[in-house]
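*Asks:* This structure is in structure tokens; I'll ask about it shortly.
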Amino acid sequence: MATAELKIASDTHHDEHDHEHHGNFWTNYVFSQDHKVIAKQFLITGIFWALIGGAMSVIFRLQLGFPNATVEWLKPLLGDWITADGKIDPEFYLALVTMHGTIMVFFVLTAGLSGTFSNYLIPLQIGARDMASGFMNMLSYWFFFVSSVIMFSSIFIETGPASGSWVIYPPLSALPQAMSGSGLGMTLWLASMALFIVSTLLGGINYITTVINMRTNGMSFSRLPLTIWAFFLTATIGLLSFPVLLSAALLLIFDRHFGTSFYLSEIYINGEALPNQGGSPILFQHLFWFLGHPEVYIVLLPALGITSEVISTNSRKPIFGYKAMIGSMIGISVLSFVVWAHHMFVTGMNPFLGSVFTLLTLVIAIPSAVKVFNYMTTLWGGNIKFTTGMLFSIGLVSFFISGGLTGLFVGNSAVDIQLHDTYFVVAHFHLVMGSATFFGLLAGVYHWFPKMFGRMMNEKLGYIHFWLSFAGVYLVFFPLHYIGIAGFPRRYYSFTNFNAFNDFTDLNMLVSIAAIITFGAQLIFVFNFFYSIFRGRLASLNPWGSNTLEWTTPRFPGHGNWPGEIPTVYRWPYDYSKPGAKEDFIMQNVPYSETPESNTPEENELIKLELSNDDLIIQAGEETPKKQNDQDNTQEHN
Amino acid sequence: MSVSMKIVEKPERPLAMNPKKFALWLFMISIVMMFAALTSAYIVRKGDGNWRMFELPVLFWYSTAVVILSSVGMQIGVMAARKDQMAKLKWGLLSTFILGVLFLSGQFYSWKELIVGNVYFTGGNPSESFIYVLTGVHWLHLVSGLIFLGIVLFDVLKLKVHSRNMNRIEMCATYWHFLGGLWVYLFAFLLYNHQ
């Protein structure tokens with residue numbers, strides 16, 4: 001829809017120089033450098049992956065919930081992965097678990113979330129024409145696309161996709177003899193992830209550069225919407241942690257294909273000794289979790305940022321504790337780098353080191369609690385509008401609390417001895433990271449859909465989607481806590497061989513039924529999404545009465561976002577229900593001089609600065625560096 | 001006086017460093033993290049014991065000298081460009097490029113020296129593999145720096161680099177100095193860990 005506008009612009013523009021911006025179908029829709037188009041590409045690819053990842057979880061939940069049922073009817077889809085007696089092949093079960101984790105963590109909740117909303121909202125909310133480098137941004141998507149193609153094709157190879165779980169611990173992942181998934185499937189996994197890391201770094205460098213360098217006049221860091229703060233910190237964490245995963249993967253590739261022994265030592269397979277000597281598999285875990293833990297926050301922080309924005313807008317109240325929100329996000333970001341070993345409490349680590357990491361892990365509860373209380377105090381006494389986006393945001397807060405509390409259990413090195421690698425851990429991170437982030441993603445889609453496609457999504461279907469998902473998620477993951485405490489290990493194909501676990505058969509059945517219903521509810525969303533793109537109710541310019549700059553653009557912003565000058569920012573983004581104001585929101589580009597009725601005495605002082613400000617920009621010679629840049633750019637084009 | 005105070009207090013225009021230069025710095029940070037991971041892995045693995053000691057190639061000393069010299073050439077080029085001294089700029093960058101190629105081949109011959117000393121990439125102790133990985137990954141990054149330098153050199157020959165168009169050569173110089181510094185760090189790291 002937005003691109004239709006671009007087409008018109010191309011007819012009126014006959015400037016050769018602008019040709020790359022207003023080109024044909026390919027440059028407008030496919031190899032576009034417009035951040036809005038790239039965001040939609042990420043979103044739709046993310047939805048595709050979410051459906052695949054979700055469907056995989058349904059298949060392995062069938063095995064766990066109904067271990068005695070035959071799934072012969074899946075044969076047309078899965079072929080030889082269904083054994084002769086109508087069961088899911090045990091090796092394929094492991095592949096399903098692995099791919100579900102990989103797809104959801106990296107392809108949906110990293111690329112699908114950051115890729116969509118960082119791309120879409122950063123330029124629009126800070127008042128920039130586009131990203132710092134549109135070309136790099138385009139590359140970022142296409143690296144992700146190629147990475148997706150490789151990962152997707154690995155599902156269809158004869159030996160099956162990678163099956164050593166998404167953490168790919170060696171030696172299991174390093175030795176093709178270890179399991180069939182460690183052959184070609186693992187090779188493709190590593191190739192795909194290497195490209196994925198390149199994509200993330202290209203994107204992240206762009207996001208950080210854009211936030212720091214491309215803000216419009218008046219958009220100081222203390223006036224940035226919390227979404228932008230979240231995306232900025234997310235990109236920073238990614239920039240620091242993804243290269244480490246690249247190093248870890250590189251050494252793993254050398255071990256797999258070149259015969260080095262970084263992670264391998266003294267291994268016998270089928271009675272045959274391997275030549276590898278002197279490696280350490282624990283080394284891989286350290287390197288992996290140095291990325292792996294920050295990755296949790298790479299996933300979660302954007303969702304928290306989106307939630308801040310949506311909750312404040314729909315409570316019609318300023319966000320409670322704006323500075324505290326920023327501070328806690330910075331705190332979480334810093335702490336995320338010093339807790340990685342809490343994933344490794346049972347690797348024979350020095351118990352003293354374990355207590356250090358326990359302490360650091362529990363400290364994360366403080367900034368997290370600050371955020372939770374700020375959400376609740378923002379809601380408190382607000383004039384709440386229960387839009388679908390708002391419901392999903394409140395759902396996020398709920399999951400963040402219930403999932404975060406169990407973090408106190410698994411983060412404790414003593415308690416973790418019992419809980420490690422059980423369903424308790426699965427329940428914990430699916431609530432606090434998986435479902436919470438997924439709800440944040442959905443809240444963002446419902447909230448910014450009108451800006452993305454100029455139409456509204458259907459609220460009724462949205463409500464059905466929300467309530468089924470909300471109840472479904474709790475029905476899936478609450479029982480898993482009990483099963484986990486009882487000692488069910490993760491990643492096991494079958495429990496029926498163990499008498500101790502037979503008591504939980506019916507609970508597992510309930511979980512599986514709930515999982516199927518939850519997955520079904522997402523299909524309602526997919527229908528709603530695609531239907532509304534073409535047939536949704538037309539959206540007004542600012543349907544939620546929101547303050548941020550993206551709602552000052554035309555209904556279909558072209559490449560460049562604002563037809564005229566970029567708006568100047570005069571105030572923070574959370575002036576909702578300000579006492580004395582005419583409406584219950586004042587947009588960021590409204591100067592204090594236009595709102596004398598609601599200004600505080602301090603803000604009245606700022607009016608003088610606003611007036612002199614425009615003169616200042618010209619007088620102080622601020623234009624000169626900009627001209628210099630333009631000159632540089634044109635010369636580079638030549 | 002009070003007016004100028006306001007100018008200082010209210011710089012409404014956010015800081016605007018050249019975005020491309022800024023992005024280059026971020027890119028270098030990601031490279032730093034990659035090598036930080038590799039060198040940390042080296043230290044952690046070394047701490048576990050079962051670590052074979054061997055002599056570092058003597059050639060590393062020469063390649064270190066070459067890479068430092070190349071940075072000098074680069075700096076001469078940048079300063080010449082600022083003063084529009086085209087001939088000096090050309091020779092500065094050309095010598096940098098040649099020294100860069102010399103460094104790459106020097107590293108290659110030091111691997112040969114390692115092999116002569118019975119230190120192989122594969123099949124041996126991780127201490128042997130690590131030295132190939134550290135130098136090899138750095139080698140690849142230096143190739144990228146050389147490609148960048150080649151592009152700038154091409155611009156120089158077409159007289160497109162001068163005092164009013166310093167952006168690209170400055171970025172190239174930053175990256176080149178960074179890669180040189182990275183090698184000096186890696187070499188110092190290896191020396192320190194080979195005592």
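Any read-out appearing in this document is the output of simple, stated calculations on the displayed coordinates, not a laboratory observation. Treat the numbers as computed from the prediction; the structure is a model and nothing was measured. Here the Cβ is made from the backbone with ideal geometry for all residues, glycine too, and neighbour counts use every protein chain on show.
*Asks:* Report, in listed order, any pair from B:Lys88/B:Lys160; A:Lys385/A:Lys460; A:Lys608/B:Lys20 with a Cα-Cα distance greater than 25 Å.
*Replies:* Checking Cα-Cα distances, A:Lys608/B:Lys20 exceed 25 Å.
*Asks:* Based on the Kirkwood radius over alpha-carbon pairs, what is the Stokes-Einstein translational diffusion coefficient of region A:408-539 at 20 °C with 1.002 mPa s viscosity, in µm²/s?
*Replies:* So the translational diffusion coefficient is about 129 µm²/s.
*Asks:* Per-residue HN-Hα couplings for region A:141-153, Karplus 6.51 cos²θ - 1.76 cosθ + 1.60 at θ = phi - 60°, whole Hz, x for Gly and Pro?
*Replies:* Per-residue couplings from phi come out as 5, 6, 4, 4, 5, 4, 4, 5, 4, 5, 4, 5, 5 Hz.
*Asks:* A further question follows. Can you give the local net charge around A:Phe527? Use residues other than it whose beta-carbon is closer than 13 angstrom to its beta-carbon, Lys and Arg +1, Asp and Glu -1.
*Replies:* +2
*Asks:* So for chain A, what are the equivalent ellipsoid semi-axes in whole Å, largest first, each being the square root of 5 times an eigenvalue of the Cα gyration tensor?
*Replies:* Square roots of five times the eigenvalues give 43, 28, 25 Å.
*Asks:* Still on this structure: Grab the other residues whose beta carbon is less than 15 angstrom from that of B:Leu153, score K and R as +1, D and E as -1, and report the net.
*Replies:* Taking every Cβ under 15 Å from that of B:Leu153, the sum is +3.
*Asks:* Still on this model: For A:Thr422, which sequence-distant residues (separation of 5 or more, or a different chain) have an amide H within less than 5 Å of its own amide H, given hydrogens modelled in the peptide plane?
*Replies:* The answer is A:Arg490.
*Asks:* Skipping prolines and chain starts, which residues have an amide H placed within reach, meaning under 5 Å, of the one on A:Phe585, given they are 5 or more residues away or on another chain?
*Replies:* A:Ser577
*Asks:* A follow-up question, please. I need the peptides A:354-367, A:151-164 ranked by packing, meaning the mean over residues of other C-beta atoms within 10 angstrom, with the highest value on top.
*Replies:* Packing proxy ranking, top to bottom: A:151-164, A:354-367.
*Asks:* On to the next question. For A:Asn217, what residues show an amide H to amide H distance below 5 Å, using hydrogens built from the backbone and excluding near sequence neighbours?
*Replies:* Here A:Val569 satisfy the definition.
*Asks:* State the extension gain, in nm to one decimal, for the chain segment bounded by A:Ala581 and A:Gln277, taking 0.36 nm per residue of separation less the distance between their alpha-carbons. It would help to have the intermediate numbers written out before the result.
*Replies:* On the way: separation 304, 0.36 × 304 = 109.44 nm, distance 7.33 nm.
Here the segment from A:Ala581 to A:Gln277 would lengthen by 102.1 nm.
*Asks:* Show which lysines lie in cross-link reach of A:Lys87 when reach means a straight Cα distance below 27 angstrom and same-chain residues fewer than eight apart are skipped.
*Replies:* Here the lysines satisfying the reach criterion relative to A:Lys87 are A:Lys75.
*Asks:* Report the calculated FRET efficiency for B:Ala87 and A:Lys608 (r = Cβ-Cβ distance, R0 = 60 Å), to the nearest 0.05.
*Replies:* About 0.60, to the nearest 0.05.
*Asks:* Output the relative contact order of region B:59-195, whole-number percent, from Cα pairs under 8 angstrom with separation of 6+ residues.
*Replies:* Answer for region B:59-195 is 33 percent.
*Asks:* Compare the Cα positions of A:Ile168, A:Pro367, A:Ser222 along the charge dipole of chain A (+1 at Cβ of Lys, Arg; -1 at Cβ of Asp, Glu; about the Cα centre) and return the one farthest towards the positive end.
*Replies:* With unit charges placed on the Cβ atoms, the residue in question is A:Pro367.
*Asks:* Which translational diffusion coefficient, to the nearest whole µm²/s, is obtained for region B:72-153 from the Stokes-Einstein equation, given a Kirkwood hydrodynamic radius over C-alpha pairs, 10 °C and 1.306 mPa s?
*Replies:* Rounded to a whole number, D works out at 110 µm²/s.
*Asks:* Would you mind pulling out the separation of the Cα centroids of region A:310-366 and region A:226-246, in Å?
*Replies:* 15
*Asks:* Hey, what do the phi angles of region A:367-378 turn into as Karplus ³J(HN,Hα) couplings, whole Hz, using 6.51/-1.76/1.60 and θ = phi - 60°, x for Gly and Pro?
*Replies:* Listing the rounded values in order: x, 5, 5, 4, 5, 4, 5, 5, 4, 5, 6, 5 Hz.
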